[in-house]
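Only one structure is covered here, and it is reproduced in the block below.
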Amino acid sequence: MLGKKEIAQRIAQELQNGWYVNLGIGIPTLVANFVPAGITVEFQSENGILGMGPFPFDGEEDADLINAGKQTVTLQAGASIFDSATSFAMIRGQHVQLTVLGAMEVAENGDIANWKIPGRMVKGMGGAMDLVASAENIIVAMMHTNKKGESKLLKQCSLPLTGVGCVTKVVTNLAVMEIKDGAFHLLERAPGVSVDEIKAATEGSLIVDGDIPEMTFD
Amino acid sequence: MLGKKEIAQRIAQELQNGWYVNLGIGIPTLVANFVPAGITVEFQSENGILGMGPFPFDGEEDADLINAGKQTVTLQAGASIFDSATSFAMIRGQHVQLTVLGAMEVAENGDIANWKIPGRMVKGMGGAMDLVASAENIIVAMMHTNKKGESKLLKQCSLPLTGVGCVTKVVTNLAVMEIKDGAFHLLERAPGVSVDEIKAATEGSLIVDGDIPEMTFD
Amino acid sequence: MNKVVGNAQEAIQGVKDGMTFMLGGFGLCGIPENAISALRDSAVKNITCISNNAGVDDFGLGLLLQTKQIKKMVSSYVGENDEFERQMLSGELEVDLIPQGSLAERCRAGGAGIPAFFTPAGYGTEVAEGKEVRDFNGKPHVLELALTADFAFVKAWKGDRAGNLIFKSTARNFNPLMAMAGKITVAEVEELVPEGELDPNFIHTPGIFVQRIFEGKNYEKRIEQKTVRSR
Amino acid sequence: MNKVVGNAQEAIQGVKDGMTFMLGGFGLCGIPENAISALRDSAVKNITCISNNAGVDDFGLGLLLQTKQIKKMVSSYVGENDEFERQMLSGELEVDLIPQGSLAERCRAGGAGIPAFFTPAGYGTEVAEGKEVRDFNGKPHVLELALTADFAFVKAWKGDRAGNLIFKSTARNFNPLMAMAGKITVAEVEELVPEGELDPNFIHTPGIFVQRIFEGKNYEKRIEQKTVRSR
C-alpha cells in the first residue's frame, strides 16, 4: 500500500521531457518533488505562474508570490507571470500537457467529482472544471477508498460532477488504472497489494488483463 | 469652404478633457494638431498605442514604432503599448470616447461605407468595422461631394457598408451635421457657404432648423 | 491625464446600495485592501461582489461578510472562509460559483465588448444548467456571458497619474481583467509615480481602463499559507 | 526547457503544401522576416496565410505572393500591395477580409480554447453574411469562430531558450496572439538570451506558447511611411 508520497512518486514517472504540468492541491503538489533525473518539465500554477519552483527558504517568502494553493513559492529561471485569463487560455487551449488533481469520486466512464458535497461542503470548483474540461491527459491522485472504507472508484459518481468522461488515469494507494471503454483497466499493483484486494476496493468495472505487475520505484 | 486642415480643426473643437480618441487615416489624423488649449486627450492607435505623440524628428524615426497608418510616430509620457487583441478590447469595450474616420458615403440613417468598391478597390476594412460597430461617438470627416461632384451624404449608401446606423456627426468642407431620427441635421455652415449650397450638395434628408450659424475658429 | 484621487474614501465616491463590484486578488494576494476598508466604513449594503475568493474570516472580503454588507458573492473558490460557508449554507448569502477560468474570461469579455463566448468548462455539470450547449470540433461547449461591474477595485504595485498599472508577481491574477470590466475602475497602488516613469512596453493595465487611482497605505499583505523549506 | 533551433531553415521543418500559417506583424512592422525568406526558399505552396496585411510588392508576404506560393490570404487590410490586388481581382488568389479586431480576437480565441464568441463588428455588412446574429444588451452581435494554424511565425525583440518573448514597441501587434494559436509556433528574435535574463513579471508571451525559437539575422525592418517633423 502506498503513502501519499509514493502516489506522487509513481505519478512523477508519467512525466515526459518538455511537458508543462498543472498540479492540484494535496497529493498532486508532491509530484514536483519526484521529477525523474534527466527530464525537464515546467509547472503551471493557475493563479499565474509558469516555471514554479520549490518553497522559499524561511524568511524569504513573498506575500506576492503564491501558488494556486495559496502557498508561498519561488520561481525558476525562465519563469513567467501572467494574469488569470492568460493562465486559463493556456489550460483551455491545451498548451498544458498534463493535469494531476485529487478527487472525491471517479467513475468508470471517466467522470470526476471533487468540488461539492450538497448541503455540507461548498468550497467551490476553483480551476478544476476548466482543467478537466480541457486537458487531454488527466491523472487523478487519491486514496482508493474514503474514510468509511467505501470505494471512490465507482460505476457512477454520486456527487455533483466536476467534469464528464475526462479522467485518463487514476493512481491510488493500491493501484494504477487507465480509464477507457467505460472501465478501469488495472495496470499496476502497489507493492504487496493483491489483485483481489484491488477488486474488493473498486466498485466500478475493473478489467484485469493478464498478469498485473507491481509498481517499481527507483 | 473648408480645407482638410480646417475640417480637422473644427472636429478638434468636439474634443473633451480626459477623452481617449481614435483617429483614422487621412483628415482625421490632422485632428491631433488642433487639440484646444487646456484640455488633455490621449490618442489611441489600433495597432497598439495609447498616448501617441507627434511624428519624430528626422533621424529619430523607429521602424518598430508606427501608427495604424504605418507612419513613424512617437510616444508621449504616460503612453502604453499593447497587442492587437487588447487594442480592440479597448475599442469594442467602449473605453475610447471618440472615433474620427473618413468615409466614401454616409447615409441619413447613420450607415457608413468606406472600405470597398466592388470589382475595383479592395483594400480591406482594417479596424474600421470594429470601430464603427463599437464607438458611441463617431464623427466622419470627409469632403461633402466626390470628385465627380456627387453628394457623399445619401439617402442610402450604394457601396458595401462598413457599419449600420452608427455615425453621429459629419464634418465636411461645407458643414457640420448631426445624424438623428433618420436625417442630417445642419448645425453649422462653413464660412461663406450658404444653406442652399449645402442643400444642393446633400442628397439625403437635410433638416434645417432655424438660423444656421457659421463655424468659428479661434 | 490626471486620475489621481486623495485616498480610498474619495476613490469610492458614488458607491450605492445594491451595486455590483469586482475585486481583484487571488486568496489574499493582490487584494485592494484600502478599498475594502473604505467600503466597510461606507456601510454600503446589499452589494454583489465578484471576486475569485471571499477572503478569510477577518481579512479581505471577510470584513464585508462580517458586517453583512454582501448580498451575493460570485466566486470560484470560497474554502478559506468559515463565516462565508455559514452564511451560504444558512441561505443568508446568495452565491454563484463559477469555474475560475470562466470567471476570468467573463471579466475580460465584459471589458472587451465580447458579450458571450463558448467554453468547454462546466459542460455536463450543474454549472451548465440552463445554459446553451453547442458542439465545436466534436466537443460540447457552454455559452457563458460577459460580466461587468459598477465599480472594479484593483490593487497594483506601481501606477502613474494616467492610470497605467504594473503588478508584482502573482498579485496580478484577476486585477488586470477586472480593471477592464468596471464602469468605474479604482486602482490602489503601493507606489504612485509620475507619467513617463513606467516603461510603455511593460504596462500591464493601460490607463484607459482606470478611472481613479490613489496610493494606498498600511498594506498588511497577509500570507495565507506560509510554506518554507529548510536550508 | 530548450527550444532553440539553429536557424530559419530548421525552424520551418515540417511545413507542407496546403498548410495554414499565421504570420505576425502590422504592415512591415514586427514581421518574421527570416521565416518568410525560409518559406520562400522552401517553395512550399498552396498555403493559406493569416496575417493582418500582405506586405508590399517586394517585401514581407509580398515575397510569397510574387512566387505564387499563397493560395489564400486571411487579412484585414491589404492596401499596400499592388500584386496582391491584381491577383485578387483576377481571381488567382482567394481572399478572406476580416475586421481587424475580429481577426485579433479570433487568433487569441484559437489559442485560448474559446471556439467562438460574439462581437458587434461587421453586423449589417457583408462580413456577417451567413453568420449567426444575436442580440445582447439590445445590440446585434455576430458569432465569430476561432482561428488556429499549423504553424505560427512570430517575431520578437528578445527571447530566451524556454521560448519566453518580449516585443519592442508596436512590433508587438498580432505576434503574441498568433503565438498562442499555432500548433507549432516558431519565434524568431533579434536577441536570444539565457533563461532567467528576462524579468518574469514582464514577459509578453510565456514560453508555453512557443515550440521553436532562433536568433534571426539581417533584419531589414523596412519603414513603409517615414513621416518626420522639422526641428
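A short reminder: the numbers here are calculations on the coordinates, not readings from a lab. None of these values were measured; they are calculated from a predicted model. Don't worry about glycine lacking a Cβ; one is built from the backbone with ideal geometry, like all the others, and counts go over all protein chains shown.
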Item to check | Relative exposure of A:MET215, B:MET52, judged by other C-beta atoms within 10 Å (fewest first) | outcome: A:MET215, B:MET52
Checklist entry - Tell me, A:MET129, D:MET19, B:MET1 in order of fewest to most beta-carbon neighbours within 10 Å? => result B:MET1, D:MET19, A:MET129
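Return the calculated 222 nm mean residue ellipticity for chain C, to the nearest 500 deg cm²/dmol, obtained by summing -39500 (n - 2.57) across DSSP H runs with n ≥ 4 and dividing by the residue count.
About -5500 deg cm²/dmol.
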Item to check | Two-site label geometry, B:ASP209 and D:ASN2: point separation in nm, points 7 Å out along Cα→Cβ | outcome: 7.4 nm
Checklist entry - Based on DSSP, what percent of beta bridges with both residues in chain B are antiparallel, to the nearest 5? => result 55 percent
Checklist outcome for this item: Scoring chain A by relative contact order with C-alpha pairs under 8 Å, at least six apart, yields a percentage of 19 percent
Checklist outcome for this item: Output row for D:GLN225: copy-to-copy label distances, label 7 Å along Cα→C-beta, ascending, in nanometres, one decimal, is 5.3
Checklist outcome for this item: Note: C:219-227 gets an average of partner chain Cβ contacts (10 Å, Cβ to Cβ) equal to 6
Checklist outcome for this item: For region A:106-205 the GluC sites (Glu not before Pro) that pass both the DSSP coil test and the at-most-14 other-Cβ-within-10 Å test are A:GLU136, A:GLU150
Item to check | Relative intensity, log₁₀ I(q)/I(0), of region B:75-135 from a Debye sum that treats every alpha carbon as a point, q = 0.29 Å⁻¹ | outcome: -1.26
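Antiparallel versus total DSSP beta bridges in region A:81-181: what percent is that, nearest 5?
50 percent
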Checklist entry - Just in region D:106-135: which GluC sites (Glu not before Pro) are loop by DSSP and have at most 10 other Cβ atoms within 10 Å? => result D:GLU129
Checklist outcome for this item: Per chain A, sqrt(5λ) over the Cα gyration tensor eigenvalues, sorted largest first, in Å, gives 29, 20, 16
Checklist entry - By DSSP, what percent of the beta bridges with both residues in region C:19-154 are antiparallel, rounded to the nearest 5? => result 40 percent
Next on the checklist: Residue by residue through A:50-60, how many Cβ atoms from other chains fall within 10 Å of the Cβ on average?
Outcome noted: 4
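Equivalent-ellipsoid semi-axes (√(5λ), Cα gyration tensor) for the protein assembly as shown, whole Å, largest first?
Calculated on Cα positions only, the semi-axes equal 49, 32, 25 Å.
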Checklist entry - Averaged across the residues of A:21-33, what count of C-beta atoms belonging to other chains lies within 10 Å of each residue's C-beta? => result 0
Item to check | Pairs of Cα atoms farther than 24 Å apart, chain D, % | outcome: 44 percent
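Tell me, what does the Kirkwood hydrodynamic radius of region C:154-231 come to in angstroms if you use every pair of distinct C-alpha atoms?
After inverting the mean inverse Cα-Cα distance, the result is 13.2 Å.
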Checklist entry - Cα axis of helix C:33-42 to longest principal axis of chain C: angle in degrees, 0 to 90, nearest 10? => result 80 degrees
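Using just the helices of chain B, give the 222 nm mean residue ellipticity in deg cm²/dmol: DSSP H runs with n ≥ 4 each add -39,500 (n - 2.57), and the total is spread over all residues, rounded to 500. Mind dumping the intermediate values first?
Working: 5 runs with 35 residues, N = 218.
Taken over chain B, the calculation gives -4000 deg cm²/dmol.
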Next on the checklist: Cut-off 10 angstrom, C-alpha nodes, Gaussian network model of chain B. Which of B:LYS199, B:LYS147, B:LYS116 fluctuates the most?
Outcome noted: B:LYS147
Next on the checklist: Percent of Cα-Cα pairs more than 18 Å apart in region A:32-123, please.
Outcome noted: 58 percent
Next on the checklist: Given the C-alpha atoms of region D:47-143, compute the convex hull and give its volume per residue in Å³.
Outcome noted: 106 Å³
Item to check | At 1.306 mPa s and 10 °C, Stokes diffusion of region A:112-207 via Kirkwood alpha-carbon radius, µm² per second | outcome: 113 µm²/s
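Based on the Cα coordinates of region B:60-176, what is the per residue volume of their convex hull in Å³?
Normalising the Cα hull of region B:60-176 by residue number yields 147 Å³.
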Item to check | chain C: angle of helix C:100-112 to the longest principal axis, Cα-based, in degrees nearest 10 | outcome: 60 degrees
Checklist entry - Most exposed first by the Cβ proxy, i.e. fewest other Cβ within 10 Å, how do A:ARG120, D:ARG222, A:ARG10, C:ARG229 rank? => result A:ARG120, C:ARG229, D:ARG222, A:ARG10
Checklist outcome for this item: Relative contact order as a percentage, chain D, C-alpha pairs under 8 Å and 6+ apart, gives 24 percent
